[in-house]
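The values are calculated or read from the model by the stated rules, or taken from the named source; none is laboratory data. Note that this is a predicted model, so its numbers are computed, not measured. Cβ atoms come from the backbone with ideal geometry, glycine included; neighbour counts cover every protein chain shown.
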């Protein structure tokens, strides 16, 4: 019951099924006076748009966003900003043959048991398409954060077992996988092509970095900054792991290696990933997420249908080989939602401490 | 501002600083009629108690819990259950020498910037001692879950780089590290001893398993079961990574390997870790967390004080070599809080579907 | 920041300004399997529709609702239900002359100080038009409540100082003021006509009754049923007072008069209004709200503009003489939102007590 | 399930039954650096203390508060502030004779149906004694508000049908009923004495005024300032009605009378009670609540027991004749909780607008 809202002061509620009429988001708590246009949001949707590259579904999604409320004369009002993206290219009939089958690795099974019924048209609410609303909402958060000089970027650091070894952020903006290593990028492309031929799919690792984050964001003890980042990122469909800073590697380090020494000039390392005791330290925030291979594959798979009978399926249709790169802007969006909410929460505290005059 | 409450229907609020008068929790939303005694909670506190083994701080913490409200004639009332654990052995003076120093890897720095002031007595609210209240609250959740046959257990699967290779849950209950592999346990003990001699500390990996979880728990899209688990676990002080099922290993798999085939007899594997599209599948829930080495070490470290001057410190006092094993029951407690809340949320939905009569 | 969401399990978020592109609501947490069509919602919008009677604004608002998500094959999915109502007849230019003037009794002044800017087109978010989204969401709640036999109806019991003396619910459905007393109705109509001629406006009292409410709804101590009803109703723009059962009259009674005696056949009176200690008693829920006269009047008024200069205004345009009767279905909607949320919350508790099997 | 927490940024959770071991509150989100001592809180508890005057229960409640956490060196830390008040004088045996009887006007009946069991010792959680925790928490809010010059005071403006006609706030601090009219006070005392002799009880009206509230507090559309005030006040046990400003009288006014004209020197009247469109206007906030006569009376009453059998009861024991004056500081406390939360929420917005530097 009711898990589609994010945030405390900056609150986002999303809606929409994969093949329904529309998807969208309502952003409540966006401060007033911020310039915001449909074009601002469109930019981020473009970053997420599939169909332009090899390895991605050929589905044509123009995905034009419309702002229905909350913006007046080009500026936010402080009232809820409703965004809608219409589904212009639904082909639910493609899913008819699988309508009573539980596709392995999909939410078909768990939705069925939870709700007693499900939208079989391409996954419905459990489809990756749901994330288009997150990206749209994230674009609003991006504008809020920009006021404070906070920027968030995500990168593909591994795909199909190939790891990026170089760190060239500018390169990541040039290639379609957002990979910071041009050589790794070429090998990733080849790996994708290979997987496509085999009718299989690939996973990978995305790294998200937030710069300009002031110290003090995050709320102990349950609503720690890293805790909310973990929730935000793990809540993206294909994500199966989240780490902050050194992450799982920290588990093998000694304290003397893992502690980040402080000097008058700043920290000498960033194993903490910019978060100390759940509160931002002022260093760059660094997280990584494990993205599983997408479960819809053309290879033959065993499963059962709603009557419990064994069946064999091959999933055709327009599916990506990997959730990467489309998940990259989704990761950015989710981190932005987290940071925006904590920014506003910390501003309340800071304003009280400095006795900000009202009104 | 206000991040010390967990949950929507089953809500836990904790309080207390490391060397203040007391720590505790208020559990709001516990159903009525559940047998609950201080002894029930004490059991779980004992599991977390330090000082009985090598590798752990010699601090004697009797940690007796008192139930202040919410229980009448041995049964819960449905009203808030307040639990208090008095700090009987505070030695804040031990922290005086470091009172204006930012200890590396600790929250001293980030708390300072967030709040403008901090409790320097052993970390205050940022201390690992805070988790005693989580464990106490988790014991109440354990009783709620038991009604539905749901059990949660955590295990040390790696410590200081040594990995458990065998899986013997009974063994984990016998040794003080909750390690399911007796040989690995011996090597872990030796590694702890070695680190202690060097004045250093160790990290590790804890695996949490929940059995008896029915399909249907978790709420799309932001409040997914795995998302809340990630938040719950990442919010534990020393945790730097969380993974579900195959986790980061899934990032290197192909879809054909990673999908768990369904048969009339059930799933053939559990790479999903019991969660599909954010909703429990009925399989065992499996998560792992990366625990960083605790930052308080006897080795010399460089840092700065509140005036920005470089200083060199050695942290003496009663510190554990590793957050393991004390973190093990904390992980169990947090997973229990998540499952209890989702159990009640799903019961609302199920009761409506079956038209449960009221009153 | 972010006050546009209602409810814990059954959650409604609304959006939209008076003269923006659209208004709407997202309902998150509606159980699956409930028949729901646009026509179901349209019915309630019709109840609220102005322009068909004397005393109301002649603005033609077709107010057609569209369901964008959450319904599949005629049944709710359990996923968020997004509703949109397009603004088809905006005439913002009518408001240009007053764009920098603070209309007395309106939110112009307080919005200005809160946000630093405001949508002057007909009140923007502070317009009574906002309530169309509440009514749409309330229609969904109506369907949920119907499953449990719970019905909510509101009545005009006073208008412009004229009180209904008779109680004929069927009559209330026949006349355009939802007044249960046919004679009072006639006098109310005359009073409206008189006020219109004078360029003035009228207030009144609406009574809301909920039948079929089982005992046990409401959560002590802050989220009491009557507390949430008070919030829900006081949050409607024109409402300045809320009372439950005997209400303010109870303040003048003695305990021996005000207590409702219990007999084996039930309660002998209902001064409590169906709520005891914040929990429904199984009796009819009865609340009343005081509705202020709408502040937009044609009579000359003194006020100031944004530069602090005194100005004299007459507010023309299409304004109702009274918020009654349009507020009647809004009151019904808000009470429905409250009851639906508490119904689901109590179902969780009851299901646990009866050990409802999962899945 | 879980209705014992108040607020979004400034969050209060209370616990405790009438005759359990203790009552208390956890305040989460109090800003750091505020001087706070047990004596500060004690002051407010004294205001609420019974037993010193005619018309009130002779129960001796020293009601000493203890601060368990969140304060260090005399200043708040920003961490949760836990407060405990021990029940030192429980006499549950006095309630034994009524343990299976539903006392009219009490929560016995509704708690029974909700939870299936109840604490019969003096009402348990449904007792008015629960409010001691609210008052303690409200004292912390008082300190926060004082930083911004906001003050809240409540007054008895009617009791047993006698209305205060004069407005002398200083007088209200001198007499034990907080009545601003010395003559009315004398008559109220006589009325109380009379009711006591008759074994009956009395209701009344309390008016709460908040001064120094800046414009801009409150969040449209559901979390309006008046909506939250209504919830806060209606959630006090004995309250059956809440009104803001002109309240129910507004229902009989014309718009031309009810609108508060604005001039360069400010508003000319305050029918709005300081709230316009749910946001504070900068005028004094004025609310009134209807307090029902307390249901425990010595007069004979008819009711039933848990077996549905008719019984006749007289409630002896130490009961007040009226919830007034003890409810007066409770009303103050609740209004303070509301204002503090909104103050912090608005500070977040204002700080963003003025680009408050971080950290």
Regarding segment C:263-275, can at least one residue be identified that is within 27 Å of residue D:223 (Cα to Cα), in contact with a helix residue (DSSP H, G or I) (Cβ under 8 Å, 6 or more places away or on another chain), buried (at least 21 other Cβ atoms within 10 Å of the Cβ) and touching a residue at least 24 places away in the same chain (Cβ under 8 Å)?
yes
Any idea which of A:129, A:142, A:191, A:196 is in a helix (DSSP H, G or I) and touching a helix residue (DSSP H, G or I) at 6+ places or on another chain (Cβ under 6 Å)?
A:142
Could you tell me which numbered condition residue D:200 fails, if it satisfies all but one of (1) more than 12 Å from chain C (Cβ to nearest Cβ); (2) farther than 25 Å from residue C:233 by Cα?
(1)
Taking segment C:308-325 and the residues there that are out of contact with any strand residue (DSSP E or B) (no Cβ under 7 Å at 6 or more places or on another chain) and at pLDDT 95 or above, the one that is nearest to the other protein chains (Cβ to nearest Cβ) would be C:308
Considering only segment D:284-298, state which residues are surrounded by fewer than 24 Cβ atoms within 10 Å (Cβ to Cβ) and in contact with a strand residue (DSSP E or B) (Cβ under 9 Å, 6 or more places away or on another chain).
D:284, D:286
Does residue B:304 satisfy the condition of being in contact with a strand residue (DSSP E or B) (Cβ under 7 Å, 6 or more places away or on another chain) and either surrounded by 15 or more Cβ atoms within 10 Å (Cβ to Cβ) or outside any loop (DSSP other than H, G, I, E, B) (or both)?
yes
So, of the residues in segment B:107-153 that are without any contact (Cβ under 8 Å) to a residue 60 or more places away in the chain and either away from chain A (no Cβ under 12 Å) or under 30 Å from residue B:284 (Cα atoms) (or both), which turns out to be nearest to the chain's Cα centre (by Cα)?
B:146
Might you let me know whether segment B:185-203 holds any residue that is within 30 Å of residue A:109 (Cα to Cα) and either modelled with pLDDT of 95 or more or within 16 Å of the chain's Cα centre (by Cα) (or both)?
no
Of all residues in segment D:210-229, count the ones that are facing another protein chain (nearest Cβ under 7 Å) and closer than 15 Å to residue C:235 by Cα.
9
Residues of segment A:319-359 satisfying the condition of being part of a loop (DSSP other than H, G, I, E, B) and within 28 Å of the chain's Cα centre (by Cα):
A:319, A:320, A:321, A:323, A:324, A:325, A:326
Determine if segment B:158-173 includes at least one residue that is in contact (Cβ under 8 Å) with a residue 60 or more places away in the chain, touching a helix residue (DSSP H, G or I) at 6+ places or on another chain (Cβ under 9 Å), crowded, with 21+ Cβ neighbours inside 10 Å and within 27 Å of residue A:276 (Cα to Cα).
yes
Evaluate the following for residue C:182: is it within 18 Å of residue C:154 (Cα to Cα) and over 22 Å from the mean Cα position of the chain (by Cα)?
yes
Considering residues of segment A:338-357 that are touching a helix residue (DSSP H, G or I) at 6+ places or on another chain (Cβ under 6 Å) and within 9 Å of another protein chain (Cβ to nearest Cβ) only, the residue nearest to residue A:237 (Cα to Cα)
A:344
Output the residues belonging to segment C:283-306 that are out of contact with any helix residue (DSSP H, G or I) (no Cβ under 7 Å at 6 or more places or on another chain) and at the interface with chain D (Cβ under 7 Å from one of its Cβ atoms).
C:301, C:302, C:303, C:304
Selected residue (criterion: nearest to residue D:205 (Cα to Cα)) from residues of segment C:253-281 that are out of contact with any strand residue (DSSP E or B) (no Cβ under 8 Å at 6 or more places or on another chain) and facing chain D (nearest Cβ under 7 Å)
C:253
Condition (residue is at pLDDT 95 or above, at positive phi, more than 7 Å from chain A (Cβ to nearest Cβ) and crowded, with 24+ Cβ neighbours inside 10 Å) applied to segment B:230-243: is it met by at least one residue?
no
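Table: residues versus (1) within 14 Å of chain B (Cβ to nearest Cβ); (2) within 30 Å of residue A:173 (Cβ to Cβ); (3) touching a strand residue (DSSP E or B) at 6+ places or on another chain (Cβ under 8 Å); (4) in a loop (DSSP other than H, G, I, E, B).
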| residue | (1), (2), (3), (4) |
| --- | --- |
| A:8 | yes, no, no, yes |
| A:12 | yes, yes, yes, no |
| A:19 | no, no, no, yes |
| A:23 | yes, yes, yes, no |
| A:26 | yes, no, yes, no |
| A:30 | no, yes, yes, yes |
| A:42 | no, yes, yes, no |
Take the residues in segment B:82-106 that are more than 8 Å from chain A (Cβ to nearest Cβ) and in contact with a helix residue (DSSP H, G or I) (Cβ under 6 Å, 6 or more places away or on another chain), then tell me which one is surrounded by the fewest Cβ atoms within 10 Å (Cβ to Cβ).
B:85
Would you be able to say whether some residue in segment A:70-81 is more than 15 Å from residue A:142 (Cα to Cα), surrounded by fewer than 24 Cβ atoms within 10 Å (Cβ to Cβ), at pLDDT 95 or above and in contact with a strand residue (DSSP E or B) (Cβ under 7 Å, 6 or more places away or on another chain)?
yes
Can you pull out the residues in segment C:244-261 that are in a loop (DSSP other than H, G, I, E, B) and surrounded by fewer than 24 Cβ atoms within 10 Å (Cβ to Cβ)?
C:253, C:260, C:261
